[in-house]
Amino acid sequence: MLIPITISSSSTASLPVQLTKLGNDELVLIELQGSLDVECTDSSERDGQMVGTFRLDEGSSKPTLAIGHHLLEGKIVSLPKPFGVIQRSTTPSAPHQNVHNHDPGDAMCGIGSEEGSLRWDMVAIVKKKIVFSKRPMPIVGTATIAVGSSSKKD
Amino acid sequence: MAEHTLRFSPTSSKDVASFKLLELPPDLCALIESAVPPTLTIKGHPSEEAVLCTSNKTYAIRSVVLSNTVLVVTRSPGGNEEDTDTIVIRDQVKEVLELVPSVPRLHKLGVLLRGMGYDEGQDEEGMDVDDDILDGDDDRPPKRRKLTYPDAQREIQASEAELSTALKSQHILILNGALRPITPSYLTTVLELVLTTLISHGLPHTSAVPVKDVVDALAEEYEVKKEVGRQVLEWFGEIVGGVGDREKERWEMDVEGVVREVGLGILRNHKDDPIAEDEFLTQWKKAVGDTFESAVSLPLLSGNYLSTSFPDTHPKTLTYFPSSSLPLDPPSRFSDLFLTRPKWLAADIAPFLADCAVDKKERDKLLLKYARATTEGTGKEVYYTARGKM
């Protein structure tokens, strides 16, 4: 079985300028300790939902990520070996379908032609990543204090 | 504004598991970033360990599970340009695919081509169809069909360049599109005929040999098919010049290669009964003839014979012991080697490890892992013995 990997660029727009200095215009890798666990009955429910606020100031190498009442402080880490980010693509690619025209009834080729539409695209080469490895700090939001103090007055 | 809203991508449920991270070795990274990006292909059946092939190298793919999660973050796909403050999570990745340079997995080629050998006077119809070998293998066609070059490209976990080198070095003919390994005995015959023809026709030896003359002479006098003759010449040297004009093609002979193969032909008869080294060399010199006698030398056959290397046995004898017949994975290869001989001189064991390690460094690593080194005698020779129970 052959699965081709084409070297291409993804079609998404460039990232904000603070992030492009991490080496890739279109894609950035953010490493979290643990994972984002979202409770939902169907995985599509979380589509488009907000996770948090990411902040990276110009000239700073201290990114932060605020999720709910937690603030994560991170750092920018150079990867020892660059990552090629590959993305599954199911659009049929013409040149690879031609390879599989063989005698009918050939089981081996049957598998081949099914897989003929499977392709991976290398969408980016990433040399740095952002790592949030520290424990989250609770945010004592200014808004909360304001509400608290105002309720005292009442 | 340095603040960005991080969201799950609107396509995140579709994007699940559609991103993977490939850890790129420096040479591969340079290749991808070069002006002409390479073609990369992942090869392998679901039952095999997948490999990644460039046009001339093979890498084993190993999955390394991460304890952390890596978020693949981009702009929203198809998102509008004004929405500059939003970045989206496309996928969460929990593993990295490591690429490790690997020797091409050519072993399967021999299995696929079993029973398809090409011998003297055979044509395609005479090929014996062997159904038994593939019985019980569900995803294969029940009836044996010929293996073509594109078939081999798809089935063999090796890069294009490595595969075509393998076809040359394993002496596999391409006849009417089908791959047919030439039988060793017939190959020796053809080569001896080539040497004879060069002399008897007064053709130039070794350099600028007119290809057409040799191929025609072989076909007329010894009934060696022209396409067979030509491919044999290609294996043992280089055909240069005469683009589009076969008359002008010249053969630069790989003298060592030819002499080596003829030597192997003789050695092959001594798998079980050893032959005295002197006698072997005499036979070998006779077979290649006076002109090429000087090229005969035992190191040409390294990795193919065992010699009684202990000084107390006279005369020295040789046995045919090809490294190509040994198992490919290191643990079984070492156990085979140490069953054959409990103690090996460093220089003696090295040729038998050449095809399971990409370089000298990796070979030494294997030796360190599977063998025990001892230094003995006045000459400080390094011997290897089997490591105890592992």
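The values are calculated or read from the model by the stated rules, or taken from the named source; none is laboratory data. All figures in this text were calculated on a predicted structure; none of them were measured in a lab. Cβ coordinates were reconstructed from backbone atoms using ideal geometry, including for glycine residues, and neighbour counts include every protein chain displayed. Keep in mind that these areas ignore ligands, DNA and RNA; they rest on the heavy atoms of the full protein, side chains included. Shrake-Rupley method; radii C 1.70, N 1.55, O 1.52, S 1.80 Å.
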Plugging the Cβ-Cβ distance of B:Ala208 and A:Ser14 into 1/(1 + (r/R0)^6) at R0 = 60 Å yields, to the nearest 0.05, a FRET efficiency of 0.55
Extension gain (nm, one decimal) between B:Thr374 and B:Ala347, 0.36 nm per residue minus Cα-Cα:
8.4 nm
Out of all Cα-Cα pairs in chain B, roughly what percent, to the nearest whole number, are more than 38 Å apart?
38 percent
Non-local amide H neighbours of A:Glu26 (under 5 Å, H modeled in plane, Pro and chain starts lacking H): which ones?
A:Leu15
Among B:Gly202, B:Ser297, B:Thr11 - extreme Cα towards positive end, dipole of chain B, charges at beta-carbon:
B:Thr11
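Would you calculate the convex hull of the Cα atoms in the stretch B:5-102 and tell me its volume per residue in Å³?
Expressed per residue, the convex hull around the Cα atoms of the stretch B:5-102 is 149 Å³.
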Accessible surface of B:Glu223 in the full protein assembly, 1.4 angstrom probe, to the nearest 10 Å²?
150 Å²
Kindly express, to the nearest 10 degrees and within the range 0 to 90, the angle between helix B:330-340's C-alpha long axis and the longest C-alpha principal axis of chain B.
30 degrees
Mean per-residue count of partner chain Cβ within 10 Å for B:173-182 equals 0
Percent of alpha-carbon pairs separated by more than 16 Å within the stretch B:184-253
39 percent
For a quick check of understanding: with a 1.4 angstrom probe and all protein chains in place, what accessible area in square angstrom does B:Ser294 have, to the nearest ten?
110 Å²
Using Cα springs under 10 Å in a Gaussian network model of chain B, which residue among B:Asp272, B:Asp119, B:Asp348 shows the largest mean-square fluctuation?
B:Asp272
Taking B:Lys108 as the anchor, which lysines have their alpha carbon closer than 22 Å to its alpha carbon, excluding any fewer than eight residues away along the same chain?
B:Lys43, B:Lys57, B:Lys143, B:Lys146, B:Lys168
Would you mind pulling out the separation of the Cα centroids of the stretch B:1-47 and the stretch A:38-89, in Å?
17 Å
What percentage of all Cα-Cα pairs in the stretch B:1-51 are separated by more than 12 Å?
80 percent
Taking amide hydrogens as modeled 1.01 Å from N in the peptide plane, which residues meet the under 5 Å criterion relative to B:Asp91, leaving out close sequence neighbours?
B:Val72
Buried accessible area between A and B, both sides, 1.4 Å probe, in Å² rounded to 100, is 5700 Å²
Ranked by accessible surface with a 1.4 Å probe, highest first, in what order do A:Leu19, A:Leu118 come?
A:Leu118, A:Leu19
Among B:Thr319, B:Thr74, B:Thr54, which one moves the most in a GNM of chain B with springs linking Cα atoms closer than 10 Å?
B:Thr74
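Could you calculate the FRET efficiency of B:Thr5 with B:Val65 from 1/(1 + (r/R0)^6), where r is the beta carbon distance between them and R0 is 30 Å, rounded to 0.05?
Once the sixth-power term is evaluated, E becomes 0.50.
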Roughly how many nanometres apart are two label points built 7 Å out from the Cα toward the Cβ at A:Val77 and B:Glu95?
2.0 nm
Which percent of the accessible heavy-atom area of chain B goes to carbon and sulfur, probe 1.4 angstrom?
53 percent
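Going through the cross-link list B:Lys285/B:Lys360; A:Lys75/B:Lys94; A:Lys134/B:Lys94, which pairs have a Cα-Cα distance over 25 Å in this structure?
Cα-Cα > 25 Å for B:Lys285/B:Lys360; rest within.
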Label point distance in nm, B:Ser185-B:Ser34, each placed 7 Å from Cα along Cα→Cβ
4.6 nm
Percent of C-alpha pairs per 5 Å bin, the stretch B:260-378, short to long
2, 10, 20, 20, 18, 14, 10, 4, 1, 0
Candidates B:Thr69, B:Thr188, B:Thr317: whichever shows maximal mean-square fluctuation once chain B is modelled as a Gaussian network with Cα springs under 10 Å
B:Thr69
